[in-house]
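A.B. asks: I have a structure here, written as structure tokens, and I will follow up with some questions on it.
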Amino acid sequence: MNEKLVKILTEARHNPNLKQKLIDTKSAKDPMQAFCEVATEAGYPMTVGELFQIGEEYARSEERRVGKEC
């Protein structure tokens, strides 16, 4: 997983206010953009493009893992 994403999620575990702000992004009109804005405000600059890239890398990793199990 992306280092920035790991850091913000780790911080959110210890910071209830940040955690709630991140959870609240789920109901935003544009959840990914809202997540990036909260992350950036918290000191972890992130773009929607980076989130897509993280998702793509995760999906490829899972495909390789599942492919090995078959």
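The values are calculated or read from the model by the stated rules, or taken from the named source; none is laboratory data. Values in this document were obtained by computation on a predicted structure and should not be read as measured data. Counting neighbours? That spans all protein chains shown, and the Cβs are built from the backbone with ideal geometry, glycine included. What goes into the accessible areas is simple: the full protein's heavy atoms, side chains included, and nothing from ligands, DNA or RNA. Shrake-Rupley method; radii C 1.70, N 1.55, O 1.52, S 1.80 Å.
A.B. asks: Considering only residues of the range 1-21 that are of a type outside the set (Lys, Arg) and closer than 17 Å to Ile54 by Cα, which is modelled with the lowest pLDDT? Even if it seems obvious, please write down each step before you answer.
C.D. replies: Within the range 1-21, the first condition is being of a type outside the set (Lys, Arg), and the residues that meet it are 1-3, 5-6, 8-12, 14-18, 20.
This time we only want the ones that are closer than 17 Å to Ile54 by Cα, so: 1-3, 5-6, 8-10.
Numbers: Met1: 59, Asn2: 82, Glu3: 89, Leu5: 90, Val6: 92, Ile8: 94, Leu9: 93, Thr10: 96.
Checked the range 1-21; the qualifying residue modelled with the lowest pLDDT is Met1.
A.B. asks: Specify the residue that is most open to solvent (accessible area, probe 1.4 Å); the eligible residues are those in the range 1-18 that are assigned to a loop (DSSP other than H, G, I, E, B) and under 26 Å from Ser61 (Cα atoms). Talk me through it step by step, then tell me what you get.
C.D. replies: The initial filter retains those residues of the range 1-18 that are assigned to a loop (DSSP other than H, G, I, E, B), namely 1-2, 15.
Add one more test, that the residue is under 26 Å from Ser61 (Cα atoms), and what stays is 1-2.
On the way: Met1: 162, Asn2: 48 Å².
Once the filter is applied, the top-ranked residue is Met1.
A.B. asks: Also, I was wondering about something else. Could you tell me how many of the residues in the range 36-70 are over 13 Å from Lys4 (Cβ atoms) and not in a helix (DSSP H, G or I)?
C.D. replies: Selection size over the range 36-70: 1.
A.B. asks: Name the residue that is nearest to Glu11 (Cα to Cα), counting only residues in the range 26-40 that are open to solvent by less than 30 Å² (accessible area, probe 1.4 Å) and among the aliphatic types (A, V, I, L, M). I'd like the intermediate steps shown before the answer.
C.D. replies: Residues of the range 26-40 that are open to solvent by less than 30 Å² (accessible area, probe 1.4 Å), as a first pass: 34, 36, 38-39.
Among the residues that remain, those that are also among the aliphatic types (A, V, I, L, M) are: 34, 38-39.
Working: Ala34: 17, Val38: 12, Ala39: 11 Å.
Per the stated criteria, the residue is Ala39.
A.B. asks: Shifting gears a bit: What is the one condition in (1) outside any helix (DSSP H, G or I); (2) in contact with a helix residue (DSSP H, G or I) (Cβ under 6 Å, 6 or more places away or on another chain) that Lys21 does not satisfy?
C.D. replies: All conditions pass for Lys21, except number (1).
Matching residues to (1) in contact with a Phe, Trp or Tyr (Cβ under 7 Å, 6 or more places away or on another chain); (2) on the phi < 0 side of the Ramachandran plot; (3) free of Cβ contacts under 8 Å to residues at least 40 places away in the same chain:
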| residue | (1), (2), (3) |
| --- | --- |
| Asn2 | no, yes, no |
| Lys7 | yes, yes, yes |
| Ala12 | no, yes, yes |
| Asp24 | no, yes, yes |
| Lys29 | no, yes, yes |
| Ala39 | no, yes, yes |
| Glu63 | no, yes, yes |
